Every structure is written in structure tokens, then in C-alpha cells.
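The values are calculated or read from the model by the stated rules, or taken from the named source; none is laboratory data. Please read these numbers as outputs of a predicted model, since none were measured by experiment. In this analysis, Cβ positions are derived from the backbone assuming ideal geometry, glycine residues included, and neighbour counts consider all displayed protein chains.
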Amino acid sequence: MIERDRPDTRAWVLHPDLVSEDRRHAADYALDEAVSLAHALPGLTVIGSSIVKLAKPVPATLFGSGKVQELADHFEANEVELVLIDGPLTPKQQRNLEKKWGVKILDRTGLILEIFSDRARTREGVLQVEMAALAYQRTRLVRAWTHLERQRGGLGFVGGPGETQIEADRRAIDEQLTRLRRQLEKVVKTRELHRAARARVPFPIVALVGYTNAGKSTLFNYVTGAEVLAKDMLFATLDPTMRRLRLPDNGPEVILSDTVGFISDLPTQLVAAFRATLEEVLEADLILHVRDISHPESREQKADVEDILGDLGVPEGIPVIEVWNKIDRLEPEMRDVVVRQAAIDGCHPISAVTGEGLDVLLQAVETGLGEGRSTDVITVAYDDGRRRAWLFDQGVVVSETGGEDGHVITVRWSPRQAAKFFSL
């Protein structure tokens, strides 16, 4: 972990540009994002950044020997203490580069783990990050005690020769992971109770999703009056936040959920670190996909978000409203073009800073919630009072009559409510 009491740690960001790979994001913008990630971590001073083109990665050092030496000289001349490599490193590559460069190295996974560790506030978030960090660390154990070829078992006269230091470290990590899992299970059960209590309140859930730094928290704060941390910074929001909100003109009440921002190439170890937030998305009645329309790679970011939503298994039928945020950052001519295109595409141009376009957006939310509901006729057995009571608690019952096999109930509900009912 980076020492928090060293605010002057001099860092350099490297983006390996694999020429052979067909990447969604241009190298320049990928480097800019990596630098923004570095700025999101306290205690670092980013003194420079660069792109290194690679024909193919070298198994031992990622970069070729000539480039490794060139970078070693450069880092020494600039008194670099930490190098952030925007991509995955194998344990072997990291170990070799640290030895050749004489600096500490973090790859993309390590950097995002550091940020998550610094930002997590809820008990579940902290536990998930600790588990992800331990799982990551477990793959990077090296022989740190070269003078101890093996730990001795007792005096060495009885039993086997003992175990290697690495095996002992892995066992210690596995034991800690087991303890964390047990703690997490207790926290998850508590959250499930809270969710069950919330499910009894018939308020639709509207989830804000989008690429990190798209302006979700600013939008959340503007419409709810909350004070969620909203900064021009990647991963400013990590833990899920929910607020009740009454839609304009005495409209219905909804629960608005702010979520962690998505990011391209999210390390697999980190997906569980904000699973609580993602579960709120899976239970949503409507999704607001917030885009930073002023960003040069807004389309690519949209594709990343859609990929992650698909991987999560968001149920079909949940309405999605695309929100084009930050139109206040556009030049007047480009702004007019964006507004016209949004009208053609059925999207909503807004400024979460000035509030422009939010009235129309909230009206669309009310309309979308209505369109996302279907009317169905179901039969509930006479002795199944629990499920019948749940329907009435949810306020979805339109009419009810008696039938041969049970209560014949006409309901108007959302896909989330239908899925929940059939799982009861």
C-alpha cells in the first residue's frame, strides 16, 4: 500500500500501447484516464506521463531491454519514486521492473485497488476491498526471504522439512480471506434485511449508471438536495447512496440510487468490491444512463457501460433513459448540434450543474416508469396469503375476483416486481 504520510511521492504514469491489439479507446485518451486515476489517489504528485508503443509484450519485463534501460535512466534523472503502468502486469514482470528501475510499481489493478481502499466508507465496501486486495496480493507473493530456503519444522529432526515461506504467506492470506468472508456474510445479511424492508415500500427504484466522472453524483445532489461527494475525479462515489424523491407536479415518489462509476478494463478482482451498488441496478424499475457528452470518447464510454450492464445480467424490459450531461461545457455551435441529435435519438441533454433540462428529464422518468409496467392476470392460491399480501403491499393490484383455483388478480407492475413475486 502507498504510504499516506508521504504526500510528495513522485509518480510517473505509463500507458503501454499494444500495436497488435484492436482497442476501443485511443491511446491518448487512455493515458489521460490513467493520469486521472492517479490524481484520484491522495499522496501522489504526478510529475509526468508517457505512451510506450509495444509490438508485443515481453514475458519477463513487458518492455524490450532497450526501452527498459531508457526508462530506468529517465526515472532516475527525474527522481521518480512510483511508476503506474496502465495495464495488467504479471508478478514476474512487476518484480523484474522494480529491480531494474529501483522504484515501486503499481499496475492498473493495484492502482484502482488503492483508490477503492481510500474511498470505501460502508462496512461492506471496506470488507470487499480488503478481500480483493488480498486476492490480488496472493498472486504476487515472491521469495522475500532468500536467506531462508525453507522454514524448519521443529528442530528438523522429526517430521518433514517444513513449508516454504511463500506457502506460509499464502496460508496466512487464505486464513484472513476466510475471516473476511465470514464478516461479509453477516453484513450482507443485514443489507438483505434492509432491502426486504425497502421492498415492502411500493416506491419504484431509479438507478443512475454511467462511466466514472460522468456527473451522476452532481445530478443526484441537484434533484434530491443531498450532499454526496461530487468532484471532477474518477471514482468520487464508491458506496451506494439512495434517497426518496417526489417527481414534479405532485408526481409519484421514487427511490433514486447513485452508483459507482463504471470504467473500461475493470479488473475482475474489483467487480465484487461494489457488488452492493450493482445489485441496486439489477433491482431497478428504470435506469438513467448518464453520459459525459462533452468527453471526446463519450461513445466509447457508452459502449463500456453497456457491456458491463450486459455482463451483470440486467433483466430485459427495464426501461433505460440516456442522459447527455455536461452540455454547459460545449461551445454554442456544438451544443446546438448535440441538442438536435439528442432529440433525434430520444435522449435528454442536461446540465447537472445549472439544472438545464432536468424538468423535462424528470417528466420522462415518470413516463418511463409507466411504460415499463405491464398489466397481467395471475392466480394466487387461497392458502397463499403471504404472496397475496405482498401484492397489496406493493400497490400493484388493479382488481381481484374469486376463481376455482384461487384469487384471480389483475396487476400492473414493473419487471422487477414481477420477478420478485415469482421468486417468493
- Task: Determine whether segment 89-103 contains at least one residue that is under 23 Å from F262 (Cβ atoms), buried (at least 16 other Cβ atoms within 10 Å of the Cβ) and in contact (Cβ under 8 Å) with a residue 12 or more places away in the chain.
- Result: yes
- Would you please list the contacts, defined by Cβ atoms under 6 Å and residues six or more apart or on different chains, that run from a residue in segment 290-310 that is within 17 Å of D345 (Cβ to Cβ) to a residue that is at pLDDT 95 or above and among the β-branched types (V, I, T)? V290/V323; I293/V338
- Task: Considering every residue within segment 113-120, establish whether at least one is outside the structural domain of V188 (by TED's automatic domain parsing), surrounded by 17 or more Cβ atoms within 10 Å (Cβ to Cβ) and within 15 Å of L14 (Cα to Cα).
- Result: no
- Item | Condition broken by Y29, with the remaining ones in (1) surrounded by fewer than 19 Cβ atoms within 10 Å (Cβ to Cβ); (2) over 27 Å from D304 (Cβ atoms); (3) among the aromatic types (F, W, Y) satisfied | (2)
- Task: Kindly establish whether V396 is among the β-branched types (V, I, T), surrounded by 18 or more Cβ atoms within 10 Å (Cβ to Cβ), under 29 Å from G313 (Cβ atoms) and touching a Phe, Trp or Tyr at 6+ places or on another chain (Cβ under 8 Å).
- Result: yes
- Note on the structure: Across (1) over 26 Å from R299 (Cα atoms); (2) within 29 Å of the chain's Cα centre (by Cα); (3) free of Cβ contacts under 8 Å to residues at least 12 places away in the same chain, G48 clears everything bar (3)
- Message: So in segment 264-319, with the set limited to residues that are modelled with pLDDT of 90 or more and among the basic types (K, R), which one is surrounded by the fewest Cβ atoms within 10 Å (Cβ to Cβ)?
- Response: R299
- Quick check, is V126 buried (at least 18 other Cβ atoms within 10 Å of the Cβ), β-branched (V, I, T) and assigned to a strand (DSSP E or B)? no
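With respect to R373, is the statement that it is at pLDDT 95 or above and either surrounded by 15 or more Cβ atoms within 10 Å (Cβ to Cβ) or farther than 24 Å from P252 by Cα (or both) true? Write out each step before concluding.
Working: at pLDDT 95 or above: no; either surrounded by 15 or more Cβ atoms within 10 Å (Cβ to Cβ) or farther than 24 Å from P252 by Cα (or both): yes.
Against the criterion (at pLDDT 95 or above and either surrounded by 15 or more Cβ atoms within 10 Å (Cβ to Cβ) or farther than 24 Å from P252 by Cα (or both)), R373 does not qualify.
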- Message: Looking at the structure I just gave you, is P91 modelled with pLDDT under 90, over 18 Å from T9 (Cβ atoms), outside the structural domain of I263 (by TED's automatic domain parsing) and in contact with a Lys or Arg (Cβ under 8 Å, 6 or more places away or on another chain)?
- Response: yes
- Message: Return the residues of segment 335-352 that are assigned to a loop (DSSP other than H, G, I, E, B) and over 30 Å from W413 (Cβ atoms); say none if nothing qualifies.
- Response: S351, A352
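Let's see how each residue does on (1) within 30 Å of I112 (Cα to Cα); (2) surrounded by 16 or more Cβ atoms within 10 Å (Cβ to Cβ); (3) more than 24 Å from the chain's Cα centre (by Cα); (4) modelled with pLDDT of 80 or more:
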site: R150; (1), (2), (3), (4): no, no, yes, no
site: L155; (1), (2), (3), (4): no, no, yes, no
site: R181; (1), (2), (3), (4): yes, no, no, yes
site: I205; (1), (2), (3), (4): yes, yes, no, yes
site: F220; (1), (2), (3), (4): yes, yes, no, yes
site: V223; (1), (2), (3), (4): yes, yes, no, yes
site: E227; (1), (2), (3), (4): yes, no, no, no
site: A230; (1), (2), (3), (4): yes, yes, no, no
site: R246; (1), (2), (3), (4): no, no, yes, yes
- Task: Within segment 60-88, track down each residue that is without any contact (Cβ under 8 Å) to a residue 60 or more places away in the chain, in contact with a Gly (Cβ under 8 Å, 6 or more places away or on another chain) and not hydrophobic (A, V, I, L, M, F, W, C).
- Result: E76
- Message: Condition check: over 29 Å from the mean Cα position of the chain (by Cα) and surrounded by fewer than 15 Cβ atoms within 10 Å (Cβ to Cβ). Does A55 satisfy that?
- Response: yes
- Tell me which residues, restricted to segment 361-391, are aliphatic (A, V, I, L, M) and under 21 Å from I409 (Cα atoms). V377, I378, V380, A381, A389, L391
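Those residues that are at negative phi and under 31 Å from the mean Cα position of the chain (by Cα), I need them from segment 61-86; list them, please.
Of segment 61-86, the ones at negative phi are 61, 63-78, 80-86.
Residues satisfying the conditions are T61, F63, V80, E81, L82, V83, L84, I85, D86.
So how many residues does segment 183-203 have that are touching a Leu at 6+ places or on another chain (Cβ under 8 Å) and modelled with pLDDT of 80 or more? Talk me through it step by step, then tell me what you get.
Initially, segment 183-203 is screened for residues touching a Leu at 6+ places or on another chain (Cβ under 8 Å), giving 183-184, 187.
Those left that are additionally modelled with pLDDT of 80 or more: 183.
Going through segment 183-203 one residue at a time, the tally reaches 1.
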